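Here is the structure we will look at.
The values are calculated or read from the model by the stated rules, or taken from the named source; none is laboratory data. Quick caveat: nothing in here was measured; it's all calculated off a predicted structure. Methodologically, a virtual Cβ is constructed for each residue, glycine included, from the backbone with ideal geometry; neighbour enumeration extends over all protein chains shown.
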Amino acid sequence: MKVKSSTKLSIFDTFKTKDNSLTGEARRQRSIIQILSSKANAAERTRTGISQKIAKGQGNVWKNIYSGIFRDLDEVLLPMGIAEENGRLPLKRGPKALQEKGIPYYHLTRKGVLIALSIKEVENKERLLKDFFSKSDPKEKEFEEILTILSNSSPNFTYSIFQKYVKAFCDDKIKELLPFDFSKLQNLSDESLIIQKEILEAFLKLSKQEKEDAIRFLNEIT
C-alpha cells in the first residue's frame with residue numbers, strides 16, 4: 001500500500017509495507033530534480049538525456065523508463081512550475097518539422113531549486129542555496145543570513161528544515177511553497193524540530209565544561 005500525497009509531487013511517497021521505502025515514482029522524480037539541479041549539459045537535460053542518465057545509474061535500459069520520465073515532466077514538474085524549458089537542441093535527423101523545432105531541454109525554476117534543497121541525494125546545495133536567495137524578494141531575504149550560517153556549521157540540520165518545509169507542501173499542510181517563509185511551519189506540530197530547539201536552548205545555558213561533557217556524550221551515541 002502506498003502512502004501518497006494528494007499533490008502530484010511524489011518525492012516523499014513511500015510504501016507502508018516496505019519499511020517506508022520510497023516508491024518508484026518518488027525515486028524517479030527525485031532523480032529528475034537531481035539531474036536538473038546539477039551542472040549537466042543541455043543534452044543530458046532533454047527527456048532522452050535524463051532517461052539515459054537515470055538508466056545508467058540503475059543498470060537499466062533507458063527506453064524502458066522513458067515513458068515514466070516523460071510523464072513526470074509533462075504531467076507534474078512542468079505544470080507545477082518546478083521545471084521549465086531552457087532551450088532547444090537542433091536535430092540532424094528525423095522529420096523535417098521536428099528538426100526545425102528542435103528537442104527541448106529543461107532546468108529548475110526557483111521553486112524547483114527550493115525543492116532540490118529538500119532532497120538528500122542532491123549535491124552542491126551551497127550553490128543552490130545561494131542561487132535561490134539571489135532571486136528572492138525582501139521578505140525572503142530575512143532568512144538568507146541565518147540559513148547561510150547554519151548551512152556552513154550544521155548542514156544536516158539546515159537541509160532537514162527544507163525537507164520538512166517541502167514535505168509539508170506535498171502533504172497539503174502548506175498551500176504554496178513561494179513566497180518562501182519558514183513561519184508557515186509554526187502551525188505544524190513537528191516533534192523533531194521541537195526537540196532540536198529544546199537541545200539548542202539548553203546547550204546555550206550550559207557552562208563550558210558542561211558543553212564539552214554534552215558533546216562527548218553525543219559523540220558516544222552517534
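Just name the residue that is nearest to Asp13 (Cα to Cα) out of those in region 171-220 that are of a type in the set (Phe, Trp, Tyr) and in a helix (DSSP H, G or I).
Residue satisfying both the conditions and the ranking: Phe182.
Could you check region 100-141 and list, in sequence order, the residues that are basic (Lys, Arg) and surrounded by fewer than 16 Cβ atoms within 10 Å (Cβ to Cβ)?
Matches in region 100-141: Lys101, Lys120, Arg127, Lys130, Lys135, Lys139, Lys141.
Tally up the residues in region 17-50 that are among the basic types (Lys, Arg), at pLDDT below 95 and more than 16 Å from the chain's Cα centre (by Cα), please.
Residues that pass the stated criteria total 1.
Kindly evaluate Gly81 against the criterion of being small (Gly, Ala, Ser) and under 25 Å from Phe132 (Cα atoms).
yes
Residues that are under 14 Å from Ile33 (Cβ atoms): find the helices (runs of 4 or more DSSP H) completely inside region 115-162 holding 3 or more of those. Step through it out loud before you land on a result.
Numbers: elements: 125-134, 138-141, 144-153.
Correct list: 125-134.
Looking only at region 15-64, filter to residues that are among the β-branched types (Val, Ile, Thr) and assigned to a helix (DSSP H, G or I); which one of those is nearest to Ile115 (Cα to Cα)?
Of everything passing the filter in region 15-64, Ile33 is nearest to Ile115 (Cα to Cα).
May I ask you to list pairs of residues, at least six apart or on different chains, whose Cβ atoms are under 8 Å apart, with the first in region 52-70 being farther than 21 Å from Glu84 by Cβ and the second being part of a helix (DSSP H, G or I) and β-branched (Val, Ile, Thr)?
Ala55/Ile65; Gln58/Ile65; Asn60/Ile54; Trp62/Thr48; Trp62/Ile54; Ile65/Ile54
Which numbered condition in (1) without any contact (Cβ under 8 Å) to a residue 24 or more places away in the chain; (2) over 27 Å from Leu193 (Cα atoms) is the only one that Asn86 fails?
Unmet condition: (1).
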